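Okay, structure first, notes after.
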Amino acid sequence: MTNPWEDFAQRSRELYQQQAELAKSWMEGQAKLAGTLAGSTGQEEGSQGQGWGAEAAALADLWRSWLKLGGSFGGAMPGLGEPGQIAAETLGRFLDPVSLALVGGSQVGETIRRLTEGPRFADLGAIERRMAKLMELWLKVQQAARGYEAVVAGAWAEASRRFAQEVQEAARAGQAPSQPKDALKLWLDVANRTLLETHRSERFLTAQAELLRHGMDFLLAEREVVESLVEPAGLPTRTELDEVHGSVQELKRRVRTLEKTTAAAQEAEEPSTARAATAAHKTKARAQGAPA
Amino acid sequence: MIPMPTAGTAELMRAAAAFNTKIAAGVTKLSSIKDEQVQIATTPKDEVFHSDKVTLYRYRPLAERQIATPVLIVYSLIGRYTMTDLQEDRSLIRNLLKQGLDVWVVDWGSASRADRYLTIDDYVLHYLDDCVAAMRRGTGAEAVNLLGICEGGVLTLAYAALEPMRVKNLVLTVTPLDFHADEAEEKLEHGFLNVWTRSLTARDVDRMIEVWGVLPGEFMGAVFSMLTPIRSITKYNLDLLEVVDDEPKLLNYLRMEKWLADRPHHAGEAAKQWLKDLYQENKLIKGELELGGRKVDLRALTMPVLNIYAQDDHIIPPPTSRALEGKVGTRDYTELGLPGGHIGVFVSGKSQGIVGKGIVDWLSQRDR
């Protein structure tokens, strides 16, 4: 069965590529136009003409930088270049910033969703009653996810409101940020403060715990269904494997305890040998330069 | 309406062009970097013993031995010990070796679902005890120095309390001890991990481990990202752009990324103890934590104790670390607050040498 998330991602990639092609064509046209403008206005005399010329030249530089940037992305796409793994992963994040996930409902929500959503229902067969229960639990997960996303979206809205307020107040005092860098810093400070406050709020913590809780309930119910299907076929289940791991762990503990008891008993029987070994080690350590 | 920045149009366009040029150069640079340029934990060491997924290493000396007692570095189960040796000029390990310490480190390995039933008891009473035994055999020392980091600090403290005769000196760094002391912390950005863990019920924790078998590293990474929300958003654009055209800085950045990406799962039952017994019920400082059927009694810490905390630690807020005064069984108790954050105190350029020197100075006075 097609994974809807992969399908969605694939369609998004195709759409992005089409848009990128479109944007590139448009920018090439604009670059030519800007170049023409720069050439013509640059010949004009007078202060106004010089101003236009400077802006047109800056515009042409900007277009050229966009084109170069587009080219560098193309060269860095998977399959075209061969960066190292760490660099490639970092590059991937660079091209697909986590901010998008956070804005849309937070990276955390996405992580929980991925970890809590297992195989699709169709893989499980048709056991109507259990499937209905599973569907009910899945809907609860979705409902909890929407509730969580609403809290996160509310935090971003609140951050925007506070930012607007702070900028307006600064403007009234004649201290509005004059450079984009200053405005960005203010926005990041305001957003950080707002998100930190939100994360500590009862509303956020409750919404996130609900999402986690319903996700866990769903996965456990799903496991129950899967196990009821594979067990009759003689296939091992998760529960059985966990039992085996539990037994192995217990056996390891017993073996270790036995080994230590035996070693302690041997040491007690041969105290003089142990003391001699310790003295020899000390002599060796001194010989290697350790202070006495 | 929001007043907009008032820079001139040409100025804005030039800034945008410079920005684009920087991104283009950065993308080209990132595309050319190979994995072998981004190595971490490269200080030479030898494997001494291996048990299940746990490995004990001993570092090769870089200077004449100044302190006879060997020191074992014990990292948390949540991250990996490689942070202590991130790169040649940012390495706690190298700083200790250069000052004449005999340095050993335990690598807990990467827990999987098969390790679901591993408990803190197993880590402390079996693996850690095996490491200490191997060090005693290998050096002839009757007792060793333990240096615990974060959760590893709790593991070393528990071991020292249960086996005090085998521990000569105990060094704790950025270690949570009173898990509820974050409530006394006034900084908004400090202690969210404590708040978050308390927002879950004990049943929530049990269900997570029932489902996943481990506390997934990816999940903990997501929780950590909530501690610094905007930093998590801007690190792959603004922060990366800051360094992208400076190769040494870019490689530093990538090494840290490599360490962050290597976040192991936390064994299931041990995670339940960590979250429920410690974060939720605060059993350690109350003297109620039990390992192997024995109480971890802080008064049994009769050896000298050095407790180092980071003054701007947002993960382990200073009040949660500064909690042993008057509770341990030794009068030789020292607290040392150092500038920096939870990880920065070990790896930042400014902090290099400070932690190592503090530890070596303290140990050298107690190496009799």
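The values are calculated or read from the model by the stated rules, or taken from the named source; none is laboratory data. What you see is a predicted model, and the numbers here were worked out from it, not measured in a lab. Glycine gets a Cβ as well: all are built from the backbone with ideal geometry, and neighbour counts include every protein chain shown. What goes into the accessible areas is simple: the full protein's heavy atoms, side chains included, and nothing from ligands, DNA or RNA. Shrake-Rupley method; radii C 1.70, N 1.55, O 1.52, S 1.80 Å.
Need pairs with beta-carbon distance below 6 Å; first residue farther than 14 Å from B:N307 by Cβ and within the range B:343-368, second open to solvent by 20 Å² or more (accessible area, probe 1.4 Å) and in a helix (DSSP H, G or I); sequence gap 6+ or separate chains.
B:G353/B:N95; B:G356/B:N95
What residue, among those in the range B:194-223 that are within 21 Å of the chain's Cα centre (by Cα) and not hydrophobic (A, V, I, L, M, F, W, C), is most open to solvent (accessible area, probe 1.4 Å)?
Step by step, filter the range B:194-223, then rank; the result is B:E218.
Okay, residues lined up against (1) crowded, with 16+ Cβ neighbours inside 10 Å; (2) within 28 Å of B:V154 (Cα to Cα); (3) in contact (Cβ under 8 Å) with a residue 24 or more places away in the chain; (4) of a type in the set (K, R):
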site: B:M13; (1), (2), (3), (4): yes, no, no, no
site: B:I23; (1), (2), (3), (4): yes, no, yes, no
site: B:K34; (1), (2), (3), (4): no, no, no, yes
site: B:K45; (1), (2), (3), (4): yes, yes, yes, yes
site: B:D85; (1), (2), (3), (4): yes, yes, yes, no
site: B:S110; (1), (2), (3), (4): no, yes, yes, no
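A:A183: free of Cβ contacts under 8 Å to residues at least 60 places away in the same chain and facing chain B (nearest Cβ under 7 Å), yes or no?
yes
Taking the options A:E210, A:E250, name whichever one is assigned to a helix (DSSP H, G or I) and within 8 Å of chain B (Cβ to nearest Cβ).
A:E250
Just to be sure before I move on: is B:V54 open to solvent by less than 10 Å² (accessible area, probe 1.4 Å) and in contact with a Ser or Thr (Cβ under 7 Å, 6 or more places away or on another chain) in the structure I sent?
no
Could you figure out which of (1) more than 13 Å from chain A (Cβ to nearest Cβ); (2) open to solvent by less than 10 Å² (accessible area, probe 1.4 Å); (3) closer than 19 Å to B:L338 by Cβ isn't true of B:G191?
For B:G191, the failing item is (1).
This table checks each residue for (1) among the charged types (D, E, K, R); (2) buried (at least 19 other Cβ atoms within 10 Å of the Cβ).
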residue	(1), (2)
B:I230	no, yes
B:K235	yes, yes
B:D245	yes, no
B:P264	no, yes
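Check whether at least one residue in the range B:42-50 is at the interface with chain A (Cβ under 7 Å from one of its Cβ atoms) and either part of a helix (DSSP H, G or I) or at pLDDT 95 or above (or both), and report yes or no.
The answer is no, given that none of the residues of the range B:42-50 is at the interface with chain A (Cβ under 7 Å from one of its Cβ atoms) and either part of a helix (DSSP H, G or I) or at pLDDT 95 or above (or both).
Checking A:E202 against (1) more than 8 Å from chain B (Cβ to nearest Cβ); (2) open to solvent by 30 Å² or more (accessible area, probe 1.4 Å); (3) modelled with pLDDT under 95, which single condition isn't satisfied?
It is condition (3) that A:E202 fails.
Which of (1) out of contact with any strand residue (DSSP E or B) (no Cβ under 7 Å at 6 or more places or on another chain); (2) more than 29 Å from B:M256 (Cβ to Cβ) is the odd one out, the single condition B:C150 does not satisfy?
For B:C150, the failing item is (2).
Can you tell me which residue is nearest to B:Q39 (Cα to Cα) among those in the range B:71-113 that are touching a Cys at 6+ places or on another chain (Cβ under 9 Å) and modelled with pLDDT under 95?
So, considering only residues that are touching a Cys at 6+ places or on another chain (Cβ under 9 Å) and modelled with pLDDT under 95, the one nearest to B:Q39 (Cα to Cα) is B:G79.
Restricting to the range A:163-191, give me the number of residues that are crowded, with 16+ Cβ neighbours inside 10 Å and more than 25 Å from B:A15 (Cα to Cα).
The qualifying residues number 0.
For the range A:213-232, give me the residue count where each residue is facing chain B (nearest Cβ under 9 Å), open to solvent by 20 Å² or more (accessible area, probe 1.4 Å) and of a type outside the set (A, V, I, L, M, F, W, C).
Final tally of qualifying residues: 3.
Where in the range B:296-368 are the helices (runs of 4 or more DSSP H), entirely inside, with at least 1 residues that are in contact with a helix residue (DSSP H, G or I) (Cβ under 8 Å, 6 or more places away or on another chain) and open to solvent by 20 Å² or more (accessible area, probe 1.4 Å)?
The helices (runs of 4 or more DSSP H) meeting that bar are B:318-321, B:354-364.
Can you go through A:E259, A:E270 and tell me which one is open to solvent by 90 Å² or more (accessible area, probe 1.4 Å), at pLDDT below 95 and within 11 Å of another protein chain (Cβ to nearest Cβ)?
Going through A:E259, A:E270 in turn, the sole match is A:E259.
For the range B:149-165, what are the residues that are of a type in the set (A, V, I, L, M) and either in contact with a Ser or Thr (Cβ under 8 Å, 6 or more places away or on another chain) or assigned to a loop (DSSP other than H, G, I, E, B) (or both)?
B:I149, B:V154, B:L157
What is the residue count in the range B:101-148 for residues that are outside any helix (DSSP H, G or I) and among the β-branched types (V, I, T)?
The qualifying residues number 5.
For the structure I just gave you, tell me whether B:P70 is over 18 Å from the mean Cα position of the chain (by Cα) and surrounded by fewer than 18 Cβ atoms within 10 Å (Cβ to Cβ).
So B:P70 fails the test.
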